[in-house]
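Data block below; observations after.
The values are calculated or read from the model by the stated rules, or taken from the named source; none is laboratory data. Only a predicted model underlies this, so the values are computations on that prediction, with no experimental measurement involved. Here the Cβ positions follow ideal geometry from the backbone for every residue, glycine too, while neighbour counts run over all protein chains shown. Areas reflect the complete protein model, heavy atoms only, side chains present, ligands, DNA and RNA absent. Shrake-Rupley method; radii C 1.70, N 1.55, O 1.52, S 1.80 Å.
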Amino acid sequence: MSPGPPSTVRLRRIRATIPGRRSSRPRMQIFAYPARAALAIEGPDRESFLQGQLTQDVQGLEPGRAPLSALLTPQGRALAIARLVPLPDSIALIVPAETAAALKAHLSRYVLRAKAKVTLPGDALALAAVVEDRPGEVAAHFGALPVGRHRALGDGTTLVRLAGGSWLLGPVSALGRHENAATDVARWERGAIGAGEPIVYAATSERWTAQMLNLDRLEAISFTKGCYTGQEIVARTQHLGRIKRRMFRYRASTFEAPPPGAPLLLGEERVGEVVRSAVAADGAELLAVVNLDARSRELTTADGARLVELPLPYPLA
């Protein structure tokens, strides 16, 4: 949907500043997010089991951290990117709901003799998204918590504080008290895009390596831990410095969000692919893996929408 004409937009802004009139700006929203699911890794060997599967140093995590991590193929391609949340009796991996069953089956094949179990708890460990309109709203509502950390709340839920938008994790019966009917999923997605956080959907599974997705810049890879699947490729890429593709952030001159895996073009040549996207007031925002030698050129989507590069919150040089 396109925004109203410029005069309408200005009128809305003016109305928001009239003394005594209630602001029309959205406030902090908390809403169910069925597009994401939580896998639970249970059992006394859950940390050592995941240590051999994920790029993150699971056994070396500082208390309270909730970092990103990746599950790779032996060829170093990303099967999944997950937010890792240690809970009292399990470790939760937040992933796209469309990939959760396949990831459960994949991880279960590698449990072998480990005292660990991979489950899909469903309503017992559901997710609600939290979007704040102004800095400090999450802290005012839930108490201060640094970005990238998690903390158990008193109502049976866990808050996972993120840069672009946070999660509440817990039973549906507890999350129900937080649900807000005025949902805006696009705002949450734009926050994650602004934070430069990649995601892997079913359409893009096994398409990109960890460094292509900037996971080395997001502290999602440990270069000092022991062996894990795909480690050799990750280490070789890092030490040889042969990274020819990276993930960048763009605004597209379209109000249709390009789907994951959609091509980006330089003329008629395919030079990149969409990682994730969301509609914004002035076009679509997206993250895309792009050839480095095409980064500063005039790129378009397959539908001809022009791209403008936007800043990321971390350096790539």
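Going by what's in this entry, would residue 269 be described as open to solvent by 70 Å² or more (accessible area, probe 1.4 Å) and of a type in the set (D, E, K, R)? Criteria met by residue 269.
For every residue, the table says whether it meets (1) exposed (fewer than 12 other Cβ atoms within 10 Å of the Cβ); (2) under 22 Å from residue 277 (Cα atoms); (3) polar (S, T, N, Q); (4) at pLDDT 95 or above.
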{"site": "102", "(1), (2), (3), (4)": "no, no, no, yes"}
{"site": "106", "(1), (2), (3), (4)": "no, no, no, yes"}
{"site": "118", "(1), (2), (3), (4)": "no, no, no, yes"}
{"site": "139", "(1), (2), (3), (4)": "no, no, no, no"}
{"site": "149", "(1), (2), (3), (4)": "no, no, no, yes"}
{"site": "165", "(1), (2), (3), (4)": "no, yes, no, no"}
{"site": "183", "(1), (2), (3), (4)": "no, yes, yes, no"}
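For segment 35-86, residues that are under 23 Å from residue 245 (Cα atoms), of a type in the set (A, V, I, L, M, F, W, C) and open to solvent by less than 20 Å² (accessible area, probe 1.4 Å) total 9.
With respect to (1) more than 15 Å from the chain's Cα centre (by Cα); (2) closer than 22 Å to residue 298 by Cβ, the lone exception for residue 207 is condition (2).
Among the candidates 252, 235, 294, 302, single out the residue that is crowded, with 19+ Cβ neighbours inside 10 Å and of a type in the set (Gly, Ala, Ser).
Residue meeting the stated conditions: 252.
A single member of 204, 237 is under 27 Å from residue 102 (Cα atoms) and among the polar types (S, T, N, Q), and it is 204.
Going by what's in this entry, would residue 258 be described as under 19 Å from residue 197 (Cβ atoms) and touching a helix residue (DSSP H, G or I) at 6+ places or on another chain (Cβ under 8 Å)? No.
In segment 185-227, which residue that is in contact with a Leu (Cβ under 8 Å, 6 or more places away or on another chain) and acidic (Asp, Glu) is least open to solvent (accessible area, probe 1.4 Å)? Result: 197. Within the set 189, 197, the sole residue that is at pLDDT 95 or above and either under 22 Å from the mean Cα position of the chain (by Cα) or not polar (S, T, N, Q) (or both) turns out to be 197. Considering 95, 85, the condition of being in contact (Cβ under 8 Å) with a residue 60 or more places away in the chain and in contact with a strand residue (DSSP E or B) (Cβ under 9 Å, 6 or more places away or on another chain) is satisfied by 85 alone. Under the condition of being acidic (Asp, Glu), in a loop (DSSP other than H, G, I, E, B) and more than 22 Å from the chain's Cα centre (by Cα), the residues counted in segment 42-63 number 1.
Taking the criterion of being assigned to a loop (DSSP other than H, G, I, E, B) and over 22 Å from residue 238 (Cα atoms), the residues of segment 185-223 that qualify are 195, 201.
Here is a check on your reading of the model: is residue 228 hydroxyl-bearing (Ser, Thr, Tyr) and either more than 24 Å from residue 86 (Cα to Cα) or under 12 Å from the mean Cα position of the chain (by Cα) (or both)? In short, no.
Restricting the search to strands (runs of 3 or more DSSP E) fully inside segment 64-152 and requiring at least 2 residues that are over 24 Å from residue 175 (Cα atoms) and within 14 Å of the chain's Cα centre (by Cα) gives 68-72, 78-86.
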